[in-house]
């Protein structure tokens, strides 16, 4: 069969000072029973040995059965040659509590032999053998036979270290209770067995002594030779001290053939019977099953926890179950930390001798155990020497989570752009789970956050609960908590957090629009009335009296202790804080109210006027006299102070008012007077006076200079036609002009003709005749009732007198204007935001107007209320820019507004137009952008591969456009995550580390989430979050090992390997593992931990199973280091071992398993050049080592690899091949200077 191209089969070279101690000896000498024949087996494989020593089966692992048939042919001095047939057998059956056995013996003879007690006999035996210690056994048996019953006792003590293969002492008393007359008398037996040599053949010797019923003393020396563990030859003598006739010079000869390790073993034996007889025996031993090669099974009744804490779990409670087919010999438990230091050890070298051992252990854990990973080793050994080890790992984490927490206490999520978001600043240790809970004053959670496998990040609360609904006003707290896997807990709470989303409002009204510091004024005080305000949560207030420039003249202060004094009515007497009268001018009240939620309400009253001066003015007339004869009137020109309402009065000589004029606030009023009175009659000739009187808003009255007017009398025979207006409009139902005839002493009127004609075309549009009326009324329509076209018209009155003459009078031209002023107004933008950010802070109303003499502009609410007004004489300006304030310069509330433009011309035509709506939205937008991780590694390992970007906005209605990007440290965009027009108030986006192409991953470095929000009202905010570190680079590992080559053979030189580990990484190291691999690539041992060891790892060359690293081998190592982001780095290298010289008692052993041979060959240098060179290097080094031990003899052993596992291959092929390979190594060592006489 082709042998594996490999090892010298673990060459063993022994420096001989004392014999090797091999495995327990495979054979034993025989001990005849006292009496006529000896059934004691010639081999320890024979089950019948229990018939001599009841303790002899205690070491059996498998059931075994032996049956022997034989004949004795004695020839004594008393008889001729006789014949005795006998049978003997035994069965052995191991159980967990011991080994049960049973046996049978019997003989029969055709005739009585005088020397024998009986010509036939039979006995049955049963008993138990039990191991009571590692090397001590005991047994008890019971024998029944025709003559009675007896019992047997036995022991066996092994001495493994005596002799090459060990020695043993046994003793027994068998058949206690039998007399000397039976074939089976009670007998005392003792013996000593020693295995003298093991190679190349096994040689064992024994001496046994027996005394049957104290009638004889037998000395029984024996020896065995075993060849190849197959053929066994045994020789033993049976010498009687008192009865010499029983003695023979020839030994009993036994030959046994072992077909397999277990199974079928035939045996043939020839022995002398007394001095001249002979005995022949044939026996067969059968066994079934396989030997126990398995170590005990180690289980935990309850799984080991992953993490323990000295603060929450001060004991590691284990319930260990150790199971085996046979009794448990010993167990041991140990715990090592990351540095390999032992923290706890417990063992029991002599547990209960049962197949199931339950070990409850409580391991004390205190704060001296540093946090980190620990390994738990549980090993157990059964009575057959089979060992097993179970390795478990757990972590100790006695450090509780830690965190810091800072949060604002004032919060007003009402969408007004002021404190709409509550920012919570928190940081802490990285834990498996952090929980943040916002609870109301009853302790009921309303919003819950959780963060897994990370530190608690900063975030903002938008005031909404878990269902997305804005929470009710009230007091809240925020709690951050974590419980790690070790049970360590941390909790911190901040608060109270005041949620107060009620909109702050205040209405201010004034008792009048003016006041005076003049004592004579009836308006010496003014009242400010405050209403519709919220007192709850008010912490401070201030009321100021300011002028139009904002200068303060008087103040009223409130504080937390005097909130009840905030007035609902404030009466101001015109005095400043210095008790001095304030100057004339425009003033208003300004109120500031501060609340616990951080809101500060500033509200202003309408302006009012402070006046201490009486109105004043001047007036002049176009002429000093008025004559009806030439149909000319007088025009009065005014220059009046603007702050009063003015009226003009014409008084007669008795100061009776005959005519009054309403001048209003027209400071440059022009008033024509045609001599008419308020009753419509002409003023009588005489002297009159004219004065304009003004009353201001505070009741002070002023007058202009008086004008003297002389009204001349109307001449006799004179006819006049006066008109009530110079211009009118026919569009209104009330638009008309009155023509009044005036005449003096003209006689009797017989007829009249009244006509109105267009002065441009001369066409008559109206004509009337008949009896002369007092006045003519023209509404602008012709005789057919049709409206006349706009233009200049003149009326004529012709009177026919009784005396036959005709009088005629013509009115002044009358302008008919039915066309209203032309106007239009537009507004832009449709939404604006007067919040002072410089973007769309105003709305522009573009005006187109023509034809009017008086215009009024008004900003009106959706329900038509006027909040701001403008007045112009003549055409208005082309545009009005509105800053969002009312007439009192107070900010108008958010809402929808229009601009109304109203025009009036001289004819009384009126035009009203309105703009399209504009929306005023003064809210200040606010937003925050955060990330759930401060670092991530997009390497598709399933851990921290992406980062969540969260954008929370105070409001998103009216959003025109938004962009969310990732930017590098230079502000350059690397990825646009999204953009659009619709955005949830709380939106989340995922960045997988890729660039804009979605495929290429960005370079390692710091990146910032960036967002821009643009609103239709012009507001724009740009914000950036905290930097996020992208780290895909694994740690940079450095490792140094020394010394090399490594030789942990206990000689004090290079016995310990120092391993220094370090790693550099942008992120924190979160785990490492160092694996030592054997030449086949399998893990030999490993070290691991969470943080890199600060000190070198010192390794003695043993693994967890207490196996030593092989000598003269090339091992390899793999170092793996992982950071907190999951980036894993791996570094490999080689580790060379030297030739080991291991002291074993008074011997030294060198074990080499790396010398390689070709298949089925002993040629050391018949392979590739690299392998040949390696063999030469190993042999060179081996020779160097052997030369250091010149006084030692050297044994070389070779072992081949049995590929089939059969005995045939081992016997027919491997033994010769191994011997040839050993000789090849010997020759190579001789060539390298080792004396040949030292080698065997």
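Rule-based calculations on the coordinates, nothing more; no lab input. Note that this is a predicted model, so its numbers are computed, not measured. Cβ sites come from the backbone with ideal geometry, for glycine too, and all protein chains shown count toward neighbours.
Miscellaneous remarks
- Of the peptides 338-347, 838-847, the order by per-residue mean of other Cβ atoms within 10 Å, starting with the highest, comes out as 838-847, 338-347.
- Compactness ratio for region 450-570: Cα radius of gyration over 2.2 N^0.38 Å (N = residue count) comes to 1.82.
- Take every pair of alpha-carbon atoms less than 8 Å apart whose residues are at least six positions apart; their mean separation over the length of the chain yields a relative contact order of 7 percent.
- When both region 1115-1135 and region 533-552 are represented by their alpha-carbon centers, they are found 70 Å apart.
- Separation between Cα centres of region 572-639 and region 903-950, rounded to whole Å: 43 Å
- Label-point separation in nm, residue 894 to residue 981, each point 7 Å along Cα→Cβ: 2.0 nm
- With a Förster radius of 22 Å applied to the beta-carbon distance between residue 264 and residue 325, the computed FRET efficiency rounds to 0.40.
- Kirkwood Rh in Å, taken over all unlike Cα pairs in region 955-1037: 14.0 Å
- Inter-centroid distance (Cα atoms) of region 749-775 relative to region 388-405, Å: 118 Å
- Fully extending the segment from residue 988 to residue 1053 would add 17.0 nm, taking 0.36 nm per residue of separation and subtracting the current Cα-Cα distance.
- Dimensionless Rg/Rh of region 507-610 - Kirkwood Rh, Rg from C-alpha atoms: 0.98
- Net length available on complete extension from residue 1177 to residue 1066 is 35.5 nm, with 0.36 nm assigned per residue and the Cα-Cα distance removed.
- Per-residue packing, averaged as other Cβ atoms within 10 Å, sorts the ranges 83-96, 682-695 into the order 83-96, 682-695, beginning with the highest.
- Calculated FRET value between residue 781 and residue 873, using beta carbons and R₀ = 35 Å, to 0.05: 0.65
- Hypothetical label at residue 300: residues of region 379-406 whose amide nitrogen lies under 11 Å (7 Å Cα-Cβ projection): 391-395
- Among 298, 444, sorting on how many other beta-carbon atoms sit within 10 Å of each Cβ, with the fewest leading, yields 444, 298.
- Principal axis extents of the C-alpha atoms in the chain (largest first, rounded to whole Å): 221, 70, 66.
- Extension gain, residue 124 to residue 746: 0.36 nm times the residue separation minus the Cα-Cα distance gives 205.3 nm.
- Once both labels are positioned 7 Å from their Cα atoms along Cα-to-Cβ, the gap between residue 96 and residue 493 label points is 5.5 nm.
- 16 Å reach of a label modelled at residue 790, 7 Å along Cα-to-Cβ, counting backbone N of region 903-918: 903-912
- Peptides ranked, highest mean first, by Cβ atoms within 10 Å: ranges 900-906, 316-322: 900-906, 316-322
- Here region 730-819 was treated as a single set of alpha-carbon atoms; its pair distances binned every 10 Å from 0 give 16, 48, 26, 9, 1 percent.
- Estimated FRET transfer efficiency (residue 576, residue 662; beta-carbon r; R0 35 Å; 0.05): 0.40
- Inter-site label distance for residue 1187 and residue 525 at 7 Å from Cα along Cβ, in nm: 12.6 nm
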